[in-house]
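The values are calculated or read from the model by the stated rules, or taken from the named source; none is laboratory data. Since the model is a prediction, treat every value here as computed from it, not as a measurement. Note that we place each Cβ from the backbone using ideal geometry, even for glycine, and neighbour counts take in every protein chain shown. Surface areas here come from the heavy atoms of the whole protein model, side chains and all, with no ligands, DNA or RNA. Shrake-Rupley method; radii C 1.70, N 1.55, O 1.52, S 1.80 Å.
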Amino acid sequence: MEEVVALEEALEARELIKINVLKNCDDDVRMIAEAIAEHLHAEVVQTIGRRIVIYRQARQQDKRKIVLPR
């Protein structure tokens with residue numbers, strides 16, 4: 001589960017990450033995006049082609065970079 005740890009660290013540091021799904025993966029990209037987001041307690045921002053964009057607000061207040069409107 002090194003990949004999951006790497007995604008967790010990336011989300012905590014940046015809040016917004018892009019993930020590319022390899023061309024040889026036959027699974028539905030939207031299903032992959034939902035599974036990843038659910039596992040990471042994050043939100044799928046969008047899927048474009050084979051690219052997934054995921055957002056999760058940083059847990060520490062001082063690390064938050066993105067301010068969403070209320």
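Below are the figures for this structure:
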{"item": "Computed over the chain: relative contact order in percent, which uses C-alpha pairs under 8 Å that are six or more apart", "result": "38 percent"}
{"item": "Equivalent ellipsoid dimensions for the chain as semi-axes, Å, which come from the Cα gyration tensor, largest first", "result": "23, 13, 9"}
{"item": "Signed unit charges on C-beta, dipole axis of the chain, positive-most listed residue Ala35, Val67, Val53", "result": "Val67"}
{"item": "Angle between the chain longest axis and helix 29-40 axis [Cα atoms, degrees, rounded to 10]", "result": "40 degrees"}
{"item": "Residues whose placed amide H lies under 5 Å from that of Val45, excluding near-sequence neighbours", "result": "Val53, Ile54, Tyr55"}
{"item": "Only Lys, Arg (+1) and Asp, Glu (-1) charged, at Cβ; the chain dipole about Cα centre in debye", "result": "480 debye"}
{"item": "Ordering of 46-54, 16-24 by burial proxy (mean other Cβ atoms within 10 Å per residue, highest first)", "result": "46-54, 16-24"}
{"item": "Accessible-area value, Glu9, 1.4 Å probe, nucleic acids and ligands omitted, Å²", "result": "120 Å²"}
{"item": "Probe 1.4 Å - accessible area at Asp62, Å² to nearest ten", "result": "130 Å²"}
{"item": "Amide N of segment 2-16 lying under 16 Å from the label point, which is placed 7 angstrom from the Cα of Ala35 along Cα→Cβ", "result": "2-5"}
{"item": "Label point 7 Å beyond Cα of Ile66 along Cβ direction - residues of segment 22-48 with amide nitrogen under 20 Å", "result": "29-48"}
{"item": "Gained length - Arg14 relative to Val45, 0.36 nm times residue gap less alpha-carbon distance", "result": "9.7 nm"}
